[in-house]
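Just so it is clear, none of the values below were taken in a lab; they were calculated from the coordinates. Since we're looking at a predicted model, the values are computed, not measured. Don't worry about glycine lacking a Cβ; one is built from the backbone with ideal geometry, like all the others, and counts go over all protein chains shown.
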Amino acid sequence: MDLAFISQHYPLYVKAAVLTVVIGGIGIVLSAVVGLICALSRYYKIPVLRTITVIYTELSRNTPLIVQLFFLYFGLPKAGIVLSSEACGIIGLTFLGGSYMSESILSGFQSIKKGQIESAESLGLSKAQIMRYVVFPRAAAAAMPAVSANIIFLLKETSVFSAVALADLMYVAKDLIGMYSSTTESLFMLVVAYLIIILPISLLCSVLERRLRRGGA
C-alpha cells in the first residue's frame, strides 16, 4: 500500500464524493416526490394517472440505470436535446428511484387497515385530517425500512455515473488506475469513500425507522 500515493490523491476523492452526494441527494429527494405521487395515484385509484404510473413503474424497474443514462446522454442529442452529465445523472436516478420509492410507499399505504380509517371517519375527521393524522404516520412507519433500503441502493447506483463522463468516485478511481496502475490504492480509497458516505446514512435511517415505529404505533 503506497501511503504517499493516497496522501497525494485523496483530495480528488473528496471532490468526487461531494459531487456524488449532491447528485445522489437531489436524485433521491426527487425520487421520493415522484414515488409519493405515483403511490397516491395507485392508492386512490385515479384512473388515467394510475395507468401511466403502472407503465412507468414497469419500464423503470425493468431497465438498468446505465441503459437509461446512455439514452439520456447519447440518445437524446440525436433528437436535438443535449443534457449535461449532471442533469443526466439526476434525471436517470430519479427515473429509476421513483418506481422503487412508489412501491415502498404504496406498501405503507396498503398496510393501513380499513377499520382504522372507518374509526377516524366516525369521529368526524375530514379526508385531509385522516391522511395527516391516521394514514400518513402509520404508512411512513411501515414503509420506512423499504425506503431506507432504496436510499442506500440509489446511492450505490451512483457508481455508474462515470459512464456518462460524470467525475464521480468511480470515475476518479478508474482514471487513477489508468494513469498510474495503482489499483490497490485507488480501490481502497474508493471503498473508504463509499463507506464514509453510506454508513452514516444507514445508521440515520435505522434511528428514523425506530422513531417512526414508536410514533406510528
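For region 1-142, the Kirkwood hydrodynamic radius comes to 17.9 Å, computed from all pairs of different C-alpha atoms. Comparing Cα centroids, region 18-66 and region 144-176 end up 18 angstrom apart. For the chain, the longest principal axis of the C-alpha atoms and the axis of helix 47-61 are separated by about 30°. Against the main long axis of the alpha-carbon atoms of the chain, helix 85-110 sits at an angle near 30°. Highest-first packing order for the peptide set 15-28, 99-112 is 99-112, 15-28, based on the mean count of other beta carbon atoms within 10 Å.
Percent of Cα pairs in region 132-209 per distance bin of 10 Å, from zero to the largest separation: 17, 35, 25, 15, 7, 2.
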